[in-house]
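The values are calculated or read from the model by the stated rules, or taken from the named source; none is laboratory data. Since the structure is predicted, the reported quantities are computational estimates derived from the model, not experimental observations. Cβ sites come from the backbone with ideal geometry, for glycine too, and all protein chains shown count toward neighbours.
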Amino acid sequence: MTTPERYAEHVLPTYGRFPLVPVRGAGCRLWDDAGKSYLDFCMGIAVCSLGHCHPRLVEAIRHQAGELIHVSNLYQHPLQAELAEEINEHHVRLPGKIFFSNSGAEANDGLIKAARRFGQKRPHADGTRRYEVLTFLQSFHGRTLGSMAATGQAKIQEGFDPLLPGFRHLPFNDIAAVESAIRPETAAILLEPIQGEGGVNQATPEFIRAVAEICEKHDLLLFFDEVQVGFGRCGDSMAWRMTAPEIRPDGISWAKGMGGGVPIGAFWLSDRAIDRDDTPLSSLLGPGSHGSTYGGNPLVCAASLAVLKEIREQELAVNAILQEVRIRETVRSWSLPVIAEVRGQGLLLGIALDPARIPTPEGKTAALVVVNELMAHGLIVPPAGPNTFRLLPPLNVTDAEVDEALEIIRKVLSQF
């Protein structure tokens, strides 16, 4: 029985899977079960920050697996404390505290719970308890009941009514819409500095600054979802600093690239005082308020430490900026009408297509047509909405690998 046949018989059909069976990876390369080599510019959707099977990551996992794989969060193991210190001191660089989860959706659920706890601690002036979180159209925050309700895409939510109440989805980059949306029950605003799944849409500096001012004016929490964009992918450890470096958020969620392939997520809450008694925001989730059996266990913390230290010590965020410049200049030089624009930042880039120029079979999108054609030519990239595909190579991608990928893209798109 083949792998696709086993999937069809035994695995829930929750994904529209591509006809690819990967079995081995090294660096920027991936091999399928037939031995064909691909250049991987998907990287597990921005997960494998160092590429496949990076020696430092492999050795960290191998060593830790022989020492201690798991203990309960009822106890204090050194690697979780060390990882939290690494993130606080070298990446966020603001006073705060961290909770470790297994995924980005879980991390966003944690932020949602923090917003509701804050809304009870800081009710509206008339005593109304606040619980609402404002998010944005085309956002993606996960597929749990909480994070799905926060997501501003109807296709993600269809068939799962009734959704968890307490969310409204506003137009992205629309300051006036945010200003007019504040209600007595509003407690927080959650946004992605760059919407990855929603089409690679970047928040403008003016928008982020305006949202921060609105939050301060109305005593709201400001949360950044950096699940796909964080830890160097956009040119800084924290993507929001590439757009508005002076902003001091109240909470941040992460996952994907922070583990290099192991299942780890996290959310951070600021230590800032939220009342006259100097109560820290980070103190609102006390014992019993939140938990995770596997979150932040020794194995995943060892892996994440290896990844984050490699990103920091090798200054891979700088490489993300340099490669963005090379990619943009090269794509611009082609002058291909099928390319509408290049969006994004660092090594989270979206190539937006003109769908009118791409013959699209029924049930397919322009992005899927191009993604499949690129795969046939040996380049793996993921779609981002109906008319955009993403470039998500590892942060240590080389000039030669970028040039090879660009030549494949040029060759394929020139057909249209």
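State whether one or more residues within segment 28-42 are in a strand (DSSP E or B) and in contact with a Pro (Cβ under 6 Å, 6 or more places away or on another chain). Checking segment 28-42: at least one residue is in a strand (DSSP E or B) and in contact with a Pro (Cβ under 6 Å, 6 or more places away or on another chain).
Let me confirm something: among Val307, Val300, which residue is touching a Gly at 6+ places or on another chain (Cβ under 7 Å), among the aliphatic types (A, V, I, L, M), more than 30 Å from Arg117 (Cβ to Cβ) and in the same structural domain as Phe231 (by TED's automatic domain parsing)? Among Val307, Val300, only Val307 is touching a Gly at 6+ places or on another chain (Cβ under 7 Å), among the aliphatic types (A, V, I, L, M), more than 30 Å from Arg117 (Cβ to Cβ) and in the same structural domain as Phe231 (by TED's automatic domain parsing).
I need the full set of residues from segment 320-368 which are of a type in the set (Asp, Glu) and either touching an Asp or Glu at 6+ places or on another chain (Cβ under 7 Å) or not in a helix (DSSP H, G or I) (or both), in order please.
First, the residues of segment 320-368 that are of a type in the set (Asp, Glu): 324, 329, 341, 354, 362.
The answer is Glu341, Asp354, Glu362.
Checked against the criterion of being among the hydrophobic types (A, V, I, L, M, F, W, C), modelled with pLDDT of 95 or more and not in a loop (DSSP other than H, G, I, E, B), the candidates Leu94, Leu111 yield just one match: Leu111.
Might you check whether a residue that is touching a strand residue (DSSP E or B) at 6+ places or on another chain (Cβ under 9 Å) and acidic (Asp, Glu) occurs anywhere in segment 153-172? Checking segment 153-172: not a single residue is touching a strand residue (DSSP E or B) at 6+ places or on another chain (Cβ under 9 Å) and acidic (Asp, Glu). If you take the residues of segment 210-261 that are among the β-branched types (Val, Ile, Thr) and part of a loop (DSSP other than H, G, I, E, B), which of them is farthest from the chain's Cα centre (by Cα)? Among those residues, the one meeting the criterion is Ile247. Among the residues here, Ile156 qualifies as in the same structural domain as Arg143 (by TED's automatic domain parsing), more than 30 Å from Leu305 (Cα to Cα) and not charged (D, E, K, R). Of the candidates Gly251, Gly257, the single residue that is under 26 Å from Asn387 (Cα atoms), touching a Phe, Trp or Tyr at 6+ places or on another chain (Cβ under 7 Å) and surrounded by 22 or more Cβ atoms within 10 Å (Cβ to Cβ) is Gly257. Against the conditions (1) surrounded by 12 or more Cβ atoms within 10 Å (Cβ to Cβ); (2) modelled with pLDDT of 95 or more; (3) over 19 Å from the mean Cα position of the chain (by Cα); (4) hydrophobic (A, V, I, L, M, F, W, C), Val23 satisfies every one except (1).
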